[in-house]
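Only one structure is covered here, and it is reproduced in the block below.
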Amino acid sequence: MMGILRAGLNGIGIVACALAISSATAQPLPYQSPHETLGTVTCASSLCHGAIKLWKDSPVLQNEYVTWSRTDKHTRAYNVLLNDRSKKIAQNLGLKQPAHEAAICLDCHAHNIPKERRGERFKLADGIVCESCHGPAEKWIKPHVNPVSDPAAHHATNIEQGLYDTADATSRARLCLSCHFGNKDKLVTHRIMGAGHPRMSFELDTFTEIAPKHFVVDKDYSERKKVWEGVKTWAVGQALAVQDTMDILVDEKRGRDGLFPELVLFDCHACHHAMSDGRWKPKTAFGPSISPGLVRLNDSNMLMLRALANAVDPALGEKVREQVLKLHRAVAGEGNARTEAMALKKLAGEVVPVIAKAEFAAPLVRKVLAGLIDDGIAGHYSDYAAAEQATLAMSSVGAFLGKQGAMRSTANFNAGLKKLNTLLINDERYQPQQFVGQLKDLRTKID
Ligand code: HEC
Ligand code: HEC
Ligand code: HEC
Ligand code: HEC
């Protein structure tokens, strides 16, 4: 992975607050919204979000534009399409246009909305802009600066006017995953990967942490918005990633690569590793393996989903295990893949409200962490993708325990995590046995 270990486990203490699950009717994602996008300059004035210094009497920082334009990689997402790597990808794919004009690239590297929804000051070259995440501002730009007596109600009104609810973990997961994982509308396919696109690696809580912060979760924030603990953000991110995978898996529009289904959903290292490794094992975390010599789905998010469902409600964890096993079998030819994929999608949807309702106190979170490590020691992270997701999860879960003061030594734990990360630097050199050894060591550091 890309060295995405967090700096450390100390964050600001957050007062836990009531967690209600978002309504079943999901907001359209910013690019799907019928409203007009006004453009970054609309947000950037020094009186609005373009201040160099923080404003003392404002609940928000007001220097968001400065943070975004100077340090956030999203600013250069469009420019990346002009570099040599992108030129090569476009050439290898035989695209008719250059990368920076091709929808297949722009859909994730810019705010590529239909022309009629672009305001006068909109610029495609601005990359991933405020409104790509916060929603087109046509309707909310005026009311969102109105004087406020009830901050929470004010925020709710803005959302009704099309402000995207980035504070809600489920909505945020859908948003970030739409580009960092893909959805029915856009995907980095195996062909795009084969043409030279980097491998995608994402975990919601970690990426929220490592993106340059233009917001602070403090007391007044929690009066305006509900605060999702990092572990919950992680958990919801996993459930939604499983749902997205199932949607893409059964999507007929995605078609096939020759005789094969979309390979990007499968474990890369089922195909891309030296044969002398002999990695096939008769057992997986979900039960007996499918036959050797077959391609397997990348089940790393499913492993995480099972680990956390297990901790919250063992019966639910067992249901997840059984359903993933059925899906693996069906994809290998024993059963109907579509039926099993949709059943898993439904089950992942059932896990979300359970997570939202659960009290993520230290004992439960420690159970999640121990479960993740024990799964690994049992040899269930023989795939690189699983080891990577598990490490991201452990850092998210460990950060929570560290903040709660529920870890004997965060420094020891951090050092252990760092060693795990070292073993993940190169996906092609990943050695499952070394990883297990390191996990055994980490296991001694969590009490
Ligand atoms: C589903 C969304 C998606 C699509 C489609 C997509 N990309 Fe990307 N691309 C990303 C994301 C997300 C990253 C960043 C990955 C990371 O760092 O985790 C990225 C990274 C890159 C990078 C590396 C950037 C760097 O900083 O080194 C290049 C180059 C690139 N993409 C080019 C392209 C081209 C060319 C196309 C069209 C053929 C394309 N991408 C299509 C989402 C997408
Ligand atoms: C990649 C997505 C993304 C982009 C791009 C982005 N933001 Fe945000 N923004 C977030 C997330 C996530 C949060 C935290 C959750 C929340 O409070 O809604 C946030 C929070 C905020 C907040 C709320 C702070 C608070 O205390 O309530 C403001 C204001 C803000 N962003 C302004 C901006 C502005 C202005 C830009 C453009 C210069 C921008 N954002 C670009 C994702 C993004
Ligand atoms: C419209 C598509 C899109 C959305 C939505 C989006 N991203 Fe990104 N993100 C990208 C692309 C493309 C890049 C790569 C830019 C580059 O490398 O220059 C990127 C880069 C990043 C990086 C830097 C990764 C690295 O390798 O250093 C982080 C962190 C990140 N995004 C977090 C988030 C989070 C958190 C959200 C949701 C709040 C989000 N992104 C939403 C497309 C998106
Ligand atoms: C079913 C087996 C299979 C799976 C699963 C698979 N690939 Fe591939 N991959 C291939 C084959 C076959 C090729 C073409 C090799 C060739 O042209 O010699 C290829 C080519 C590539 C290439 C281009 C390499 C080159 O030398 O041209 C990249 C990069 C790549 N795959 C990445 C991935 C990633 C990332 C994943 C997982 C998300 C993945 N693959 C999953 C079989 C697979």
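Summary table
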read-out	value
Test: residue in segment 257-271 that is outside any loop (DSSP other than H, G, I, E, B), in contact with a helix residue (DSSP H, G or I) (Cβ under 9 Å, 6 or more places away or on another chain) and more than 16 Å from ligand 4 (Cβ to nearest atom)	no
Filtered residues of segment 81-110 (kept if more than 8 Å from ligand 1 (Cβ to nearest atom) and of a type in the set (Asp, Glu))	84, 101
Hey, residue 201 open to solvent by less than 20 Å² (accessible area, probe 1.4 Å) and either under 22 Å from the mean Cα position of the chain (by Cα) or more than 16 Å from ligand 4 (Cβ to nearest atom) (or both) or not	yes
Residues of segment 84-112 that turn out to be within 16 Å of ligand 2 (Cβ to nearest atom) and not small (Gly, Ala, Ser), as a count	6
Helices (runs of 4 or more DSSP H) enclosed by segment 120-206 - at least 1 residues per element that are in contact (Cβ under 8 Å) with a residue 60 or more places away in the chain, charged (D, E, K, R) and not assigned by TED's automatic domain parsing to the domain that holds residue 425	130-134
Residue tally, condition open to solvent by less than 50 Å² (accessible area, probe 1.4 Å) and either without any contact (Cβ under 8 Å) to a residue 12 or more places away in the chain or within 19 Å of residue 233 (Cβ to Cβ) (or both), over segment 335-353	5
Selection count, segment 68-99, where residues are closer than 26 Å to residue 214 by Cβ and either away from ligand 3 (no atom under 13 Å from the Cβ) or in contact with a Ser or Thr (Cβ under 8 Å, 6 or more places away or on another chain) (or both)	6
Residue count, segment 207-256 (criterion: assigned to a helix (DSSP H, G or I) and either within 16 Å of ligand 3 (Cβ to nearest atom) or in contact (Cβ under 8 Å) with a residue 24 or more places away in the chain (or both))	33
Only listed residue being of a type in the set (A, V, I, L, M) and out of contact with any His (no Cβ under 7 Å at 6 or more places or on another chain), chosen from 308, 303	308
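The values are calculated or read from the model by the stated rules, or taken from the named source; none is laboratory data. Just so it is clear, the structure is predicted and the values come from calculations on it, not from any experiment. Every residue, glycine among them, receives a Cβ derived from its backbone with ideal geometry; neighbour counts consider all protein chains shown. Areas reflect the complete protein model, heavy atoms only, side chains present, ligands, DNA and RNA absent. Shrake-Rupley method; radii C 1.70, N 1.55, O 1.52, S 1.80 Å.
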